[in-house]
Amino acid sequence: MSTIATNIAKVGTRIREAAQAVARDPDEVQLLAVSKTQPASAIRLANEAGQWDFGENYLQEALEKQADLRDLSLTWHFIGPIQSNKTKLIAEHFDWVHSVDRLKIAQRLSDQRPPELPPLNVCLQVNVSGEGSKSGCDPQEATALANEIASLPNLRLRGLMAIPEPTDDLAKQRAAFAHLRQLQSKIDLELDTLSMGMSQDLEAAIAEGATWVRVGTALFGARDYSLQPGSASPSA
Ligand SMILES: *Cc1c(COP(=O)(O)O)cnc(C)c1O
């Protein structure tokens with residue numbers, strides 16, 4: 001068995017135990033394998049171990065790997081910050097976008113979604129950690145933005161996403177995820193997704209209702225950013 005297959009099994013056990021600890025059905029929690037900076041060969045190994053959903057942060061890198069992996073019917077999730085000049089390729093090449101945090105980006109994704117593809121699944125990213133983090137809308141704007149995004153024709157708003165500031169304090173982890181869950185519960189739309197939790201804090205996220213946990217390091221090991229296409233310098 002490959003290391004990646006072993007890691008997938010271990011993370012699967014963590015997910016199951018975390019769900020059972022709060023009497024949730026483990027099948028409500030899906031694993032998104034975050035493959036940024038990892039080669040296509042690592043994605044192939046993960047797929048051989050039964051993983052179909054992959055998350056990428058950098059468009060160019062993702063497109064290269066998608067081309068390499070065309071023979072597999074993988075489901076691709078864009079989870080990184082989005083500049084408006086990247087929306088067209090994202091709308092064309094992904095099944096999900098977790099990191100929509102403003103209306104202009106949502107409108108462009110909807111306008112640019114090819115008509116022959118199903119609506120693009122999106123999550124609204126909310127900044128639940130205040131000043132420390134740059135990405136995500138203001139929690140006070142979440143309801144209004146969610147309603148506007150839900151009205152766009154070629155998007156399907158599935159729920160909210162957050163990347164809280166990292167902390168080892170389990171109570172603080174849970175408080176941030178609970179904040180996202182509470183925001184979601186105030187939105188009067190049919191939402192079925194809470195994208196929250198990563199390698200370090202997936203247990204807390206599952207305890208607070210996560211339906212996607214986005215896991216990179218615990219599956220693939222530490223990332224080596226110098227191998228990325230377009231990275232500034234190999235010594236960086
Ligand atoms: C990199 C990344 C992850 C995975 O983080 P790990 O700590 O490696 O599990 C999850 N979500 C987003 C948005 C990321 O950028």
For residue 156, the residues 5 or more places away or on another chain with a placed amide H closer than 5 Å to its own amide H are 120, 121, 122
Cross-link reach from residue 88 to lysines, straight Cα distance under 19 Å and at least 8 residues apart if same chain, gives 65, 104
Listed by chain and number, the lysines with an alpha carbon less than 23 angstrom from that of residue 10, same-chain partners under 8 positions apart left out, are 36
Mean separation of Cα contacts under 8 Å (at least 6 apart) over the residue count of the chain, i.e. the relative contact order in percent, is 20
Residue-normalised value, i.e. accessible area per residue, for segment 3-220 at 1.4 Å probe, in Å², stands at 46
In Å, the Kirkwood estimate of hydrodynamic radius for the chain over Cα pairs equals 18.1
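So, counting K/R as plus one and D/E as minus one, what does the shell of residues with Cβ under 14 Å around residue 40 add up to? Provide the component values of the computation, followed by the final result.
Numbers: positive: 36, 44, 65, 70; negative: 48, 56, 61, 64, 68, 71.
Around residue 40, the surrounding residues sum to -2.
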Calc'd 3J(HN,Hα), segment 161-166, phi into Karplus 6.51 cos²θ - 1.76 cosθ + 1.60 (θ = phi - 60°), Hz, glycine/Pro = x, comes to 9, 8, 10, x, 4, x
Over the chain, the sum of -39500 (n - 2.57) across DSSP H runs of at least four, divided by residue number and rounded to 500 deg cm²/dmol, gives at 222 nm -11000 deg cm²/dmol
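Exposed loop sites here are GluC sites (Glu not before Pro) in DSSP loop states with at most 13 other C-beta atoms within 10 Å. What is the longest stretch of the chain lacking them? Working shown, then result.
Values: sites that count: 116, 190.
Segment 1-115 is the longest.
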For residue 145 the rounded accessible area (nearest 10 Å², probe 1.4 Å, non-protein molecules ignored) is 20
Rg/Rh of segment 1-115 (Cα atoms, Kirkwood Rh), to two decimals, equals 1.02
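The values are calculated or read from the model by the stated rules, or taken from the named source; none is laboratory data. None of these values were measured; they are calculated from a predicted model. Positions of Cβ are backbone-derived with ideal geometry, glycine not excepted, and every protein chain shown enters the neighbour counts. Heads up: the accessible areas ignore ligands, DNA and RNA and are worked out on the full protein's heavy atoms, side chains in. Shrake-Rupley method; radii C 1.70, N 1.55, O 1.52, S 1.80 Å.
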